[in-house]
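Visitor: Just passing along the structure, written as structure tokens.
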Amino acid sequence: MYQIGVDIGGTNIKLGLVDEELNLAARTSVPFPHNGADAVADAVKCAADDVLRQVGAGGADVQSVGIVVPGSLDAECRTVLDAHNLGFHNVPFRDLIERRFPGVPVYMANDADGAALAELYRGALRGCKTGVLITLGTGLGGGTILNGRLFTGGMHHGSELGHIYLVEGGEACTCGNRGCAEAYCSASALAREGARAMQAHPESLLAKMSGGDAAKVDAKFVVDCARAGDDAAKAVFADYQRHLASACASIFNLLDPEVLAIGGGLSGAGEFLFAPLEALVNERCFYHAAHGALVPAQLGNDAGMIGAAMLHFNAQA
């Protein structure tokens, strides 16, 4: 039997078929149709039929369908309340998928929660009873594992790790508040500060390599300039690491996880990010160096798709 995992993004829908050994047996990616939720559900069904054909299987071989979306869900995980990138607002998307897979259990979750579940079953959180994944992307997402299962909040509103308060009255956040972790620890935040440093230091490598164009200053660009020894970029990246360390220490102090994994594009900076970050977390954490492991996530862009397929096992746990 197979589990189907679907990661729905505003550009592409990624769909994978996971076998009984939890291996990715087949996969596909199709463009996201921007013409309504029914068209999206149809695209999911067509993509599922495609991957099943790849392995010579059919609908009778599907044990479950799991879906992850970049947005908020209702408490029963049936309705997408708000997923701005998808244009979904109060969409009963799980119902739409169930109609296309009659008799097959369908599960739905936020994409960051799905990524945490993937890391639990196949990645950096494997074997953990308590673990946390945070993802450093355009925003700051994350998911929490408690007692070996995905934790969706005491009232099932989810856990918004990106909206831990770091700085009173600080930078504006996309949520409408100020000073959230997302406003300081996301890749967007690093790019924002890099652009400010570029303008303040026209002699810097940041300014020279970008030609003074703020649009060229993304998070990777800042990291590359810092690696090259640019003082302005190094100062920006060091400040970024201090804020991220405060967020990580808060998570360790609150949950005492065995592992805190960091994913997203910025985790690709490797030891250039993690070595100083570990030292800063040790300074800030109540447990100092006795806290759990701080490690890179392992599954990259496949985490949402794999985690979606794992929703069936989480429901049975």
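Each reported figure results from applying straightforward, stated rules to the coordinates on display, with no laboratory input. The shown structure was predicted, so the numbers you read here are calculated from the model rather than taken from an experiment. For neighbour counting, all protein chains shown are included, and Cβ atoms are generated from backbone atoms with ideal geometry for every residue, glycine included.
Visitor: Can you give me the P(r) profile for segment 119-201? Cα pairs, bins 5 angstrom wide beginning at 0, each as a whole percent.
Guide: 3, 15, 19, 18, 17, 12, 8, 4, 3, 1
Visitor: May I pose another question? Between ALA293, ALA214, ALA47, where does the largest GNM mean-square fluctuation fall for the chain, given springs only between Cα atoms within less than 10 Å?
Guide: So, out of ALA293, ALA214, ALA47, the one fluctuating most is ALA214.
Visitor: Now for a different question. How large is Rg over Rh for segment 134-179, taking Rg from the Cα atoms and Rh as the Kirkwood inverse mean of 1/r across Cα pairs? Kindly include the intermediate steps, with their values, before the conclusion.
Guide: Details: Rg = 12.4 Å, Rh = 11.9 Å.
Across segment 134-179, the Cα-based Rg/Rh ratio is 1.04.
Visitor: Setting aside same-chain residues fewer than 8 positions from LYS234, which aspartates and glutamates have a Cα under 13 Å from its Cα?
Guide: Answer for LYS234, where 13 Å is the Cα cut-off: GLU193, ASP224, listed by chain and number.
Visitor: Where the eigenvalues come from the Cα gyration tensor of segment 197-258, what are the semi-axes √(5λ) of the equivalent ellipsoid, largest first, in whole Å? Spell out each step's value before the answer.
Guide: Working: eigenvalues 180, 20, 17 Å².
One finds semi-axes of 30, 10, 9 Å for segment 197-258.
Visitor: Sort largest first and round to whole Å: the equivalent ellipsoid semi-axes of segment 137-248, each the square root of five times a Cα gyration tensor eigenvalue.
Guide: Values: eigenvalues 195, 38, 25 Å².
That gives 31, 14, 11 Å for the three semi-axes.
Visitor: Ok, one more. Suppose every K and R has +1 on its Cβ and every D and E has -1 on its Cβ; what is the size of the dipole of the chain about the Cα centre, in Debye to the nearest 20?
Guide: The calculation lands at about 100 debye.
Visitor: Could you work out which residue, out of ALA116, ALA269, ALA247, moves most in a Gaussian network model of the chain, that is, has the largest mean-square fluctuation with Cα springs under 10 Å?
Guide: Maximum among the listed residues: ALA269.
Visitor: Relative contact order of the chain: what whole-number percent is it, with Cα pairs under 8 angstrom and at least 6 residues apart?
Guide: Values: 686 pairs, mean separation 62.7, N = 317.
Relative CO of the chain lands at 20 percent.
Visitor: Could you work out how far the C-alpha centroid of segment 295-317 sits from that of segment 256-287, in angstrom?
Guide: Between the Cα centres of segment 295-317 and segment 256-287 lies a distance of 21 Å.
Visitor: Ok, one more. I need the peptides 301-313, 74-86 ranked by packing, meaning the mean over residues of other C-beta atoms within 10 angstrom, with the highest value on top. Display every interim value, and only then the final one.
Guide: Working: 301-313: 26.2, 74-86: 15.8.
In decreasing order of mean packing, 301-313, 74-86 become 301-313, 74-86.
Visitor: Working from the pairwise distances between different alpha carbons, so that the mean of 1/r is found and then inverted, what is segment 8-82's Kirkwood radius in Å?
Guide: On the way: mean 1/r = 0.0742 Å⁻¹.
Value: 13.5 Å, from the Cα pair sum.
Visitor: Right, next: Starting from the Kirkwood radius over alpha-carbon pairs of the chain, derive D by Stokes-Einstein at 10 °C in a medium of 1.306 mPa s and give it in µm² s⁻¹.
Guide: Numbers: Rh = 20.3 Å.
It diffuses with D of about 78 µm²/s by this estimate.
Visitor: On to the next question. Above 20 Å lies some portion of the pair distances; for segment 72-166, what is it as a whole percent of all C-alpha pairs?
Guide: Numbers: 1917 of 4465 pairs.
More than 20 Å apart: 43 percent of the Cα pairs in segment 72-166.
Visitor: Could I ask something else about it? Going by the alpha-carbon gyration tensor, a ≥ b ≥ c the square roots of its eigenvalues, is segment 207-317 rounded (a/c under 1.5) or, if a/c is not under 1.5, prolate (a/b greater than b/c) versus oblate?
Guide: On the way: a/c = 3.05, a/b = 1.42, b/c = 2.16.
It comes out oblate by the Cα gyration axes.
Visitor: Between LEU161, LEU22, LEU125, find the one with the highest GNM mean-square fluctuation for the chain; connect C-alpha pairs within less than 10 Å.
Guide: LEU22
Visitor: Under the rule of -39500 (n - 2.57) per DSSP H run of 4 or more residues, summed and divided by the residues of the chain, what mean residue ellipticity at 222 nm is obtained, to the nearest 500 deg cm²/dmol? Display every interim value, and only then the final one.
Guide: On the way: 10 runs with 124 residues, N = 317.
Taking each H run of at least 4 residues, the total per residue is -12000 deg cm²/dmol.
Visitor: Using the alpha-carbon centroid of each, what span in Å lies between segment 143-213 and segment 9-53?
Guide: 30 Å
Visitor: To continue, here is another question. Given q = 0.10 Å⁻¹, what are the Debye log10 I(q)/I(0) values for segment 3-150, with equal point scatterers placed on the Cα positions and solvent ignored?
Guide: -0.33
Visitor: Let me ask you something else. Take the Cα radius of gyration of segment 179-227 and divide it by 2.2 N^0.38 Å, with N its residue count; two decimals is plenty. Present the calculation step by step, with values, prior to reporting the outcome.
Guide: Working: Rg = 10.4 Å, N = 49, 2.2 N^0.38 = 9.7 Å.
For segment 179-227, the normalised Cα radius of gyration comes out at 1.08.
Visitor: Now, a different point. May I ask for the angle, rounded to the nearest 10°, between helix 271-284 and the longest principal axis of the chain, with both axes built from Cα atoms and the value confined to 0 to 90°?
Guide: It works out to around 80 degrees.
Visitor: Further question: Going highest first, how would you order 51-63, 217-229 by mean Cβ packing within 10 Å? Could the numbers behind the result be given before it?
Guide: On the way: 51-63: 13.7, 217-229: 20.0.
In decreasing order of mean packing, 51-63, 217-229 become 217-229, 51-63.
Visitor: Sorted by packing (mean other beta-carbon atoms within 10 Å per residue), highest first, where do 94-102, 188-196, 144-152 land? Numbers along the way, then the final one.
Guide: Numbers: 94-102: 16.3, 188-196: 21.9, 144-152: 18.1.
Averaged packing, sorted descending, gives the order 188-196, 144-152, 94-102.
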